[in-house]
Amino acid sequence: MAVLLIADVTNDGLGFDATAKAVTAARALGDVTVLVMGPRAAAEEAATIEGVAKVLLAEDAALGHRLAEPAADLVVALAPGFTHVVAPATADAKNILPRVAALLDVMVISDVTAIRDAETFERPIYAGNALQTVQSSDRIKVLTIRTAGFDAAPRGGSAPIEAAPGVSDPGLSQWVEDRVAKSGRPELTSARVVVSGGRGIGSKEGFQIVEKLADRLGAAVGASRAAVDAGYAPNDWQVGQTGKVVAPDLYVALGISGAIQHLAGMKDSKTIVAINKDPEAPIFQVADYGLVADLFEAVPALTEKL
Amino acid sequence: MKVLVPVKRVIDYNVKVRVRSDGTGVDLANVKMSMNPFDEIAVEEAIRLKEAGLASEVVAVSVGVRQAQETLRTALAMGADRAILVVASEDVHQDIEPLAVAKILAAIAKEEQPGLILCGKQAIDNDMNATGQMLAALLGWGQATFASEIKVEGETATVVREVDGGLQAVSVRLPAVITVDLRLNEPRYASLPNIMKAKKKPLEEKTPADYGVDVAPRLRVIETREPPSRKAGVIAKSVDELVDMLKGAGVV
Ligand SMILES: Cc1cc2nc3c(=O)[nH]c(=O)nc-3n(C[C@H](O)[C@H](O)[C@H](O)COP(=O)(O)OP(=O)(O)OC[C@H]3O[C@@H](n4cnc5c(N)ncnc54)[C@H](O)[C@@H]3O)c2cc1C
Ligand SMILES: Nc1ncnc2c1ncn2[C@@H]1O[C@H](COP(=O)(O)O)[C@@H](O)[C@H]1O
């Protein structure tokens, strides 16, 4: 059994946490070859993940912005040597891997949360309201791994790095620009603590309350869809069925009602704390610690006392 | 330019999903069904392109059980011009996999020659997020997924995509497949007169065999179960008590 793992590469280099968690999942399936589409530095870092047998480096400019068409072509060219093609379930992987699967005439299995054996996988459906175990009869299994449920493989490896075959850009799409905001805070999907705000925050300025508490706790900041739709928070903060899935040690929900689509993204957190002025808010049904209060009074007081 | 919009009939997003006790799946009999919310956004976008003079015709397509007719009628009432229903199953509990749906849609696209296909980003039942990308692959077209802004100009579409780090803009050569995200637009409600009118719009019925597509699933469902549930915890009476509780539990 041999696994081709597509590393998470961002403009800052290797997404270590996501990649190392996917390595943990992939090792259960066989020898892991990591494909890095990006700069050499990212490949060098991937090579240090324990359990990686080999790193393939593709430095082609055509792959620089991770456009789906050339990336999928490269993965498809490499795939015949492998039983499994896997990637952490990032937006990039969700863009690329279904394309890969269709070109290989196999199904893609998205958001795998557990690996039963080489062909049997568990994944959530219906916004996490059900867990389904599926068995694939396809020749090559193509899957994205929901990383929240896996521990990151440690550093300490020293895998060899080889050049991947070249790609030709089919020229179907072109990168225009990235609008990426930098923050000094931990990354949402790997943070140990997440503080999220919902519609109850009421305004973009109001989010400062959320951010102050987050900074006090060394936390990442998240948001509900309603908060993002209203323009209080950027899209990449959205937690939920169609946003990011997080499972931190501590998740603090402020002014969030707890719709099922939001719970889908955070209900596997170890401890959940909720502050909401409505005692009937569904978020209290999943919260370990709740406080029924006006968040504009309670959150600054909490920030001060922690 | 013709725009093709695949729409899926799914359990309404407000319905509390119940897993069948025998582990065979989720109960869909006598449950409110609706158009997949992302597909409403796709239909809305297609209609806006038509209203802006950029699209000539909007064709809605659904693959599934015969009842998906209702979903297509909704698309027609919103403003789609005609619809194609591919009846691929008699059983409401049989989901057609994205690969098979993509193959059927690819065959339809070859017949219809649309300049653009607008899919939802994800169906809220199987949560696969795959069909649009698979369809683009099968057609050899470019793709732009998770769109929150679409500008069609001549032979290209410039698309702002919602990605993990924020936003990414790409331009994609037409014909292409674009999958739409939540913030692209707010879908309109169909007015009563339009709902009446929609009943007279053409709705063609087909089968997968008409397109030579085998819809047999590649994934065998072994079990469907309830996720582990969480219990409600304690409610603090004040901020001070909350702080004490959190410190006491070693959470902060
Ligand atoms: C297809 C689809 C996908 C979706 N995907 C997601 C997703 O990924 N993530 C997501 O979050 N949602 C998602 N949603 C939306 C979801 O259904 C809810 O609408 C959303 O989560 C609600 O956000 P909210 O809790 O912030 O807002 P609301 O439900 O409006 O809740 C606001 C809460 O704030 C409280 N509040 C107000 N003022 C105060 C105050 N001063 N002090 C304390 N509390 C206060 C209120 O009591 C209320 O409980 C999706 C919906 C659909 C249809
Ligand atoms: N059975 C179907 N009929 C029509 N369109 C579909 C069907 N399944 C998926 N789609 C389209 O593909 C999108 C993504 O679905 P999925 O890949 O299943 O998450 C949906 O939002 C629809 O636009």
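The values are calculated or read from the model by the stated rules, or taken from the named source; none is laboratory data. For clarity, every value in this text was computed on a predicted model and none was experimentally measured. Ideal geometry is used to build each Cβ from the backbone, glycine not excepted, and the neighbour counts take in all protein chains shown. For accessibility, only protein heavy atoms count, side chains too; no ligands or nucleic acids. Shrake-Rupley method; radii C 1.70, N 1.55, O 1.52, S 1.80 Å.
Would you check if there is a residue in the stretch B:41-50 being within 14 Å of chain A (Cβ to nearest Cβ), of a type outside the set (Gly, Ala, Ser) and within 16 Å of the chain's Cα centre (by Cα)?
So far as the stretch B:41-50 goes, yes, one or more of its residues are within 14 Å of chain A (Cβ to nearest Cβ), of a type outside the set (Gly, Ala, Ser) and within 16 Å of the chain's Cα centre (by Cα).
Residue pairs, Cβ under 9 Å, 6 or more apart or interchain, first in the stretch A:216-245 and touching a residue at least 12 places away in the same chain (Cβ under 8 Å) and open to solvent by less than 20 Å² (accessible area, probe 1.4 Å), second among the β-branched types (Val, Ile, Thr) and within 16 Å of ligand 2 (Cβ to nearest atom). List them.
A:VAL239/A:VAL245
Out of the stretch B:233-252, which residues are within 18 Å of A:ALA281 (Cα to Cα) and open to solvent by 50 Å² or more (accessible area, probe 1.4 Å)?
Matches in the stretch B:233-252: B:VAL234, B:ILE235, B:LYS237.
In the stretch A:25-144, which strands (runs of 3 or more DSSP E) lie fully inside it and hold 3 or more residues that are open to solvent by less than 20 Å² (accessible area, probe 1.4 Å)?
Result: A:31-37, A:52-58, A:84-88, A:108-112, A:120-125, A:130-136.
For the stretch B:138-158, give me each residue that is more than 16 Å from ligand 1 (Cβ to nearest atom) and under 18 Å from the mean Cα position of the chain (by Cα).
Within the stretch B:138-158, the first condition is being more than 16 Å from ligand 1 (Cβ to nearest atom), and the residues that meet it are B:138-144, B:149-158.
Selection gives B:GLN143, B:ALA144, B:GLU149, B:ILE150.
Quick check on this structure: which one of B:VAL7, B:VAL15 is away from ligand 2 (no atom under 12 Å from the Cβ) and touching a residue at least 12 places away in the same chain (Cβ under 8 Å)?
One residue alone meets the criteria, B:VAL15.
Return yes or no: is A:VAL286 away from ligand 2 (no atom under 16 Å from the Cβ) and crowded, with 24+ Cβ neighbours inside 10 Å?
no
Go through the stretch A:239-257 residue by residue and tally those that are more than 16 Å from ligand 2 (Cβ to nearest atom) and under 18 Å from A:ILE125 (Cα atoms).
4
Take B:MET134 and decide whether it is within 15 Å of ligand 1 (Cβ to nearest atom) and either over 14 Å from the mean Cα position of the chain (by Cα) or facing another protein chain (nearest Cβ under 7 Å) (or both).
no
Look at A:PRO186 and say whether it is more than 13 Å from chain B (Cβ to nearest Cβ) and either within 16 Å of ligand 2 (Cβ to nearest atom) or open to solvent by 10 Å² or more (accessible area, probe 1.4 Å) (or both).
yes
Hand me the list of strands (runs of 3 or more DSSP E) wholly inside the stretch B:46-122 holding 1 or more residues that are within 16 Å of ligand 1 (Cβ to nearest atom) and either out of contact with any Ser or Thr (no Cβ under 6 Å at 6 or more places or on another chain) or not aliphatic (A, V, I, L, M) (or both).
B:116-120
Does B:GLU40 meet the test of being within 14 Å of ligand 2 (Cβ to nearest atom), more than 15 Å from B:PRO6 (Cβ to Cβ) and open to solvent by 20 Å² or more (accessible area, probe 1.4 Å)?
no
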